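Take a look at the structure set out below.
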Amino acid sequence: MASKKKQKYLVVVVGPTAVGKTDLCVQLAKHYHTDIISADSRQFFKEMNVGTAKPTPEEQQGIKHYFVGSHSISEEYNAGAFEADVLQLLAKLFNEKDVVLMTGGSGLYVRAVLEGMDEMPETDQRIREELSGQLEREGIAPLLEQLEKLDPVYFAQVDKANTQRVVRALEVCLSSGQPYSSFRKSEKQERPFQIIKIGLNRDRAELYSRIDQRMDLMLQQGLLDEAKALYPYRQHNALQTVGYKEIFDYLDGKYNWEEAVRLLKRNSRRYAKRQLTWFTKHPDEYAWFNPQQWEEIVGYINERMSR
């Protein structure tokens, strides 16, 4: 009788910024003798180090991390490309390993790997540049108005504060002449491996205090100088993000340094809240733990693998 093919497991660890995903995953990677795939859409870019809290070689502790500093901000990289790259990598890793870890707080990128991405049409680069320019000059309000006309279905769902998603939806509408929502089929793809999903969270006051401390540390580590070096590239999608936008606005003279730091911390806390909202949309999807519950987390993974 043919021997049964050994089951492979992708252990996915998600959670808000500063919750402690990196530390826990490095320990899990040591425990299961495996590698880590980063699903943090800001850590892909080699020019963005301080502002993305990219794990340093010391923090990586000799564990192989994929998709950390793998691309340049001048390259177009999106969730669909990430899905294809990760599936190709997993096919290779699962030849040698039974368990691989994937961690990050970018919900769309995690979902792309777990469920697949909808096929989006080719878009016109000039349209994106025009929309980004309009956003810079006039703010988000006129773009939202346009999206409501072109695609009322997606307008009702989109996070109105997420400028990147609003611009992306409009870019598809204007390039294709079809509503963005018409391309979102949301049919889950089958994967040739088992998926174990873990969410990390902490008491809100503790999480917010960790976020504030992380921002202070980033500023000590030279976030201002990094943002100055990236300032000429500020139109890039990768830089339309908390941690850089506030400093770009300070460099533009929109407010003073104290206000920039206050907004940096406030917007980072709001970002963490949005991440949690994304991952808790379907409460039963993830098993939730405090990052310090090591034994419970390993017990849960082992129990899932023994089924």
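For the chain, the longest principal axis of the alpha carbon atoms and the long axis of helix 257-279 meet at an angle near 50°. Taking each of 197/281; 21/92; 8/197 in turn, the alpha-carbon distance tops 21 angstrom for 21/92. How would you classify the chain from its alpha-carbon gyration tensor, with a ≥ b ≥ c the square roots of the eigenvalues: rounded for a/c under 1.5, else prolate if a/b is greater than b/c, otherwise oblate? Oblate shape, in that a/c is at least 1.5 and b/c is the bigger or equal ratio. For segment 125-183, divide the Cα radius of gyration by the Kirkwood radius and give the resulting Rg/Rh value with two decimals. Rounded to two decimals, Rg/Rh equals 0.92. Listed by chain and number, the aspartates and glutamates whose C-alpha is less than 14 Å from the C-alpha of residue 254, apart from same-chain residues fewer than 8 away, are 136, 246.
Between the helical axis of 204-220 and the longest alpha-carbon principal axis of the chain there is an angle of about 70 degrees. Of the trypsin sites (Lys or Arg not before Pro) found in segment 1-72, those in coil by DSSP whose Cβ has at most 10 other Cβ atoms within 10 Å are 4, 5, 6. Working note: Cα atoms of segment 5-148, range along each principal axis, descending, whole Å: 51, 36, 25.
Mind running the shape call on segment 144-215? Use the C-alpha gyration tensor, a ≥ b ≥ c as the square roots of the eigenvalues: rounded below 1.5 for a/c, prolate if a/b tops b/c, oblate otherwise. Verdict is oblate for segment 144-215. Residue order for 173, 25, fewest other beta carbons within 10 angstrom first, comes to 173, 25. For the pair residue 70 and residue 284, label points projected 7 Å from Cα toward Cβ lie 3.3 nm apart. Over the residues of the chain, the helix contribution to mean residue ellipticity at 222 nm works out to -15000 deg cm²/dmol, using -39500 (n - 2.57) for each DSSP H run of at least 4. When each of 241, 277 is scored by the number of other beta-carbon atoms lying within 10 Å, the sequence from fewest to most is 277, 241. With a ≥ b ≥ c taken as the square roots of the eigenvalues of the C-alpha gyration tensor of segment 79-161, please select rounded if a/c is under 1.5 and otherwise prolate if a/b is larger than b/c or oblate if it is not? In terms of gyration-tensor shape, prolate.
Ordered by the number of other Cβ atoms lying within 10 Å of each residue's own Cβ, fewest first, 282, 33, 236, 65 fall into the sequence 282, 33, 236, 65.
Bear in mind that the values in this text are calculations on the coordinates, not laboratory data. None of the values given here were measured: they were computed from a predicted structure. Every residue, glycine as well, gets a Cβ built from its backbone with ideal geometry; the counts of neighbours run over all protein chains shown.
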